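The values are calculated or read from the model by the stated rules, or taken from the named source; none is laboratory data. Nothing here was measured: the structure is a model prediction, and the numbers come from that model. Virtual Cβ from ideal backbone geometry, glycine too; neighbours counted across all protein chains shown. Keep in mind that these areas ignore ligands, DNA and RNA; they rest on the heavy atoms of the full protein, side chains included. Shrake-Rupley method; radii C 1.70, N 1.55, O 1.52, S 1.80 Å.
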Amino acid sequence: MEVAIVTVGDEILAGDTRNTNAERLARRLHERGATVARMLTIPDDRELITETVDDWRREFDA
C-alpha cells in the first residue's frame with residue numbers, strides 16, 4: 001500500500017513546531033508494511049488543502 005502524509009500548519013513551516021505527528025505516523029505505517037511515498041507540509045490555506053487532498057487521493061491508496 002502506497003500512502004501519502006499531508007500535514008497542515010503555518011507553525012510547522014515557520015519552524016515553531018516540530019512535525020512529530022508525521023514522523024510518528026510514517027514510522028507506524030512503515031512498521032505495518034505500508035510505503036510512505038510522499039510527505040508534505042502545507043500552510044493553513046483551505047484552497048491548497050482541498051487541492052492537495054483531492055489530487056493525492058487519486059494518486060495514493062491512503
Could you list, in sequence order, the residues of region 12-31 that are surrounded by fewer than 12 Cβ atoms within 10 Å (Cβ to Cβ) and either touching a residue at least 24 places away in the same chain (Cβ under 8 Å) or not β-branched (Val, Ile, Thr) (or both)?
Ala14, Gly15, Asp16, Arg18, Arg24, Arg27, Arg28, Glu31
Subset of region 36-62 (residues that are without any contact (Cβ under 8 Å) to a residue 24 or more places away in the chain and of a type in the set (Asp, Glu))
Asp45, Glu47, Glu51, Asp54, Asp55
What's the number of the condition Ala34 fails, among (1) open to solvent by 90 Å² or more (accessible area, probe 1.4 Å); (2) modelled with pLDDT of 95 or more; (3) over 13 Å from the mean Cα position of the chain (by Cα)?
(1)
Go through the residues of region 3-10 one by one and say whether even a single one is touching a His at 6+ places or on another chain (Cβ under 7 Å), surrounded by 13 or more Cβ atoms within 10 Å (Cβ to Cβ) and at pLDDT 95 or above.
no
